[in-house]
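A short write-up of the structure that comes next.
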Amino acid sequence: MSSTAQAPPSLDISRIREEFPILHQQVHGKPLVYLDNANTSQKPRLVLDALKKYYEFENANIHRATHVLSERSTQAYEGARERVRKFVNARESAEIILTTGCTDGLNLVAQSYARPRLKPGDEILVSWMEHHSNIVPWQLVCEQTGAVLKVVPITDSGELMLDEFDRLLGDRTKIVAIVHVSNALGTINPIETIIAKAHARGVPVLVDGAQAVPHLPVDVQALDCDFYAFSSHKMYGPTGSGALYGKRALLDAMPPYRGGGDMISSVTFEKTTYNTLPYKFEAGTPNIAGVVGFGAAVEYLGGFDMRAIAAHEHDLLEHATRGISEIPGVTVVGTAPKKAGVLSFIMDDIHPHDIGTVLDRDGVAIRTGQHCAQPIMDRFGVPATARASFAIYNTHDEIDTFLRAVRRVREMFA
Ligand SMILES: Cc1ncc(COP(=O)(O)O)c(C=O)c1O
């Protein structure tokens, strides 16, 4: 990631597309146009090769055996941790807990950081635009402790109401858990401001970065967030792996979340002592291959200037937003001025599932439904939306195919 103030270099998209074998196929006799990237992204050859190499030459359990394969697999696993650390600029690799994904990291903070500290009447502050995985873990912890969930409302364009945030952030707030980029609306939240405001009152902040890390430069030290969770599969890596960044002082003071092998220092029936960071939070045999692939995905992304990726995806978003706004009967849901590459929309009284089905016949993959963010659907008074979401390999031509398909939906249901 470059730190120069100059404009980022533009991306060579056709070269990038060559790296993703899955994109070069036909669906229903049409070239695949994959616009479901907020759901999960496709994987470049570097990641596919890393997985193959791992299983062909390195596969063994980690941290345990003295044989060569175990050394290789441990090195590959710990090498991935170090790459992830570097990618988000954590101070030390002990601050990177390898998880099964963003959901796992959010639950870890809820159960290990918040649960032991919360008392009845304490408050947890989230926003109206959270994914279910940053709502339900807090509801569970509220049931367990008697704490109360407070929700920051949003405007009609899908922006966080910062004055409401100020009002809700009070003496009883024990943690703020906030999404960096909304998966349903695309809104980029001003998390720097939120973190500064929360810290001014001594409140720690957990950021759900699932939709941010693949698309924007993220520097956890510059943000000064206390925790930051994300998933490998949304950033061109395999499913079933991810990371939770946490400040060492906080992680050190937290009890383990799960018990099992590898997270202990010694075990007797009388007393167990726990391993050091980050292993204290990594019980049992992890998804070693998934983590190795995650490391390769981070290596792949690290080869770009993240500002160039953000600029490319912003350009795609603008092109798609302009085009879709010209189609009669379409309403875009989520029109905040600062957005990542997510375009949610509804069409007159055509159900989003019908939109998705017609688009699929044209080879265009989008997501339809509630996007695991039911409260946001309720906020906008819609049962569901259709959502196109963009990635590094998408092109203007693909957006044009998508727009033609949306027009066809209108013709069919007119
Ligand atoms: C904003 C946001 N947070 C959390 C998650 C959960 O990620 P995962 O299912 O990979 O754990 C998602 C997935 O869509 C998301 O978009």
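The values are calculated or read from the model by the stated rules, or taken from the named source; none is laboratory data. Just so we're clear, the structure is a prediction, and the values are computed from it rather than from any experiment. Glycine also receives a Cβ, built like all others from the backbone with ideal geometry; neighbour counts cover every protein chain displayed. Quick note on the areas: whole protein, heavy atoms, side chains included, nothing else; ligands and nucleic acids left out. Shrake-Rupley method; radii C 1.70, N 1.55, O 1.52, S 1.80 Å.
Put one equal scatterer on each alpha carbon of region 94-160, apply the Debye formula with no solvent term, and list log10 I(q)/I(0) at q = 0.28 1/Å to two decimals. Calculated log10 I(q)/I(0) at the listed q: -1.17.
Taken one residue at a time, the phi angles of region 235-245 give Karplus couplings (6.51, -1.76, 1.60, θ = phi - 60°) of 10, 6, x, x, 6, x, 9, x, 8, 10, 8 Hz. Gly and Pro are set to x. Only aspartates and glutamates eight or more places from residue 339 in sequence, or on another chain, were considered; those with a Cα closer than 13 Å are 159, 313, 315, 318. Restricting attention to region 204-285, which trypsin sites (Lys or Arg not before Pro) occupy a DSSP loop and are surrounded by at most 10 other Cβ atoms within 10 Å? Passing both the DSSP loop test and the Cβ count: 271.
In terms of its C-alpha gyration tensor, region 264-343 has a prolate overall shape, because the principal axis ratio a/c (a ≥ b ≥ c, square roots of the eigenvalues) is not below 1.5 and a/b outweighs b/c. Across region 80-212, the fraction of Cα-Cα pairs farther apart than 23 Å, rounded to a whole number, is 32%.
Given the -39500 (n - 2.57) contribution per DSSP H run of 4+ residues, what per-residue ellipticity at 222 nm results for the chain, rounded to the nearest 500 deg cm²/dmol?
Working: 14 runs with 150 residues, N = 414.
Theoretical 222 nm ellipticity from helices: -11000 deg cm²/dmol.
The GNM of the chain, with springs linking C-alpha atoms under 10 angstrom apart, assigns the highest mean-square fluctuation among 330, 47, 68 to 68.
How big is D for region 26-79, in µm² s⁻¹ as a whole number, if Stokes-Einstein is applied with the Kirkwood radius of its Cα pairs at 25 °C and 0.890 mPa s? Write down the numbers at each step before the final one.
Numbers: Rh = 13.6 Å.
Calculated translational D: 180 µm²/s.
Compactness of region 272-311 is given as radius of gyration and Dmax, 15.6, 50 Å, from Cα positions. Counting 0.36 nm for each residue step from residue 196 to residue 67 and taking away their Cα separation leaves a gain of 41.6 nm. Under the simplified labelling scheme, the residue 151-residue 327 pair shows an inter-label distance of 2.9 nm, with each label point 7 Å from Cα along Cα→Cβ.
What whole-number volume per residue, in cubic angstrom, does the convex hull of the C-alpha atoms of the chain give?
Numbers: hull volume 60.5 nm³, N = 414.
Once divided by residue count, the hull of the chain is 146 Å³.
Probe radius 1.4 Å, ligands and nucleic acids left out: which of 353, 215 has the largest accessible area, and how do the rest follow?
Numbers: 353 90, 215 15 Å².
Correct descending sequence by accessible area is 353, 215.
Per residue, the chain exposes 42 Å² of solvent-accessible protein surface, assessed with a 1.4 angstrom probe and all protein chains in place. The longest stretch of the chain left intact once loop-based GluC sites (Glu not before Pro) with at most 13 other Cβ atoms within 10 Å are removed from consideration, loops following DSSP, is 93-269.
Between residue 285 and residue 311, the distance separating the two model label sites (each 7 Å from Cα on the Cα→Cβ line) works out to 4.7 nm. Rounded to the nearest Hz, the phi-derived 3J(HN,Hα) couplings of region 248-258 under the Karplus curve 6.51 cos²θ - 1.76 cosθ + 1.60 (θ = phi - 60°) are 3, 4, 6, 4, 4, 7, 8, x, x, 8, 9, where x marks glycine and proline. Taking a straight line from the alpha carbon of residue 174, these lysines sit under 17 Å away, with near neighbours fewer than eight places off in the same chain left out: 119, 150, 197, 247. From the Kirkwood radius over Cα pairs of region 137-272, Stokes-Einstein at 10 °C and 1.306 mPa s returns a whole-number translational diffusion coefficient of 94 µm²/s.
If the label point is 7 Å along Cα→Cβ of residue 15, which residues in region 231-255 have backbone nitrogen under 16 Å from it? Within reach of a label on residue 15, which here means backbone N under 16 Å from a point 7 Å along Cα→Cβ, region 231-255 contributes nothing. Computed 3J(HN,Hα) for region 70-84, one whole-Hz value per residue from the Karplus formula 6.51 cos²θ - 1.76 cosθ + 1.60 where θ = phi - 60°, is 5, 5, 5, 5, 5, 5, 5, 5, 6, x, 5, 4, 5, 5, 5, glycine and proline marked x.
Return the carbon/sulfur percentage of the accessible area of region 48-302, one whole number, probe 1.4 Å, all protein chains in place.
On the way: 5250 of 10030 Å².
Answer for region 48-302: carbon and sulfur cover 52 percent of the accessible area.
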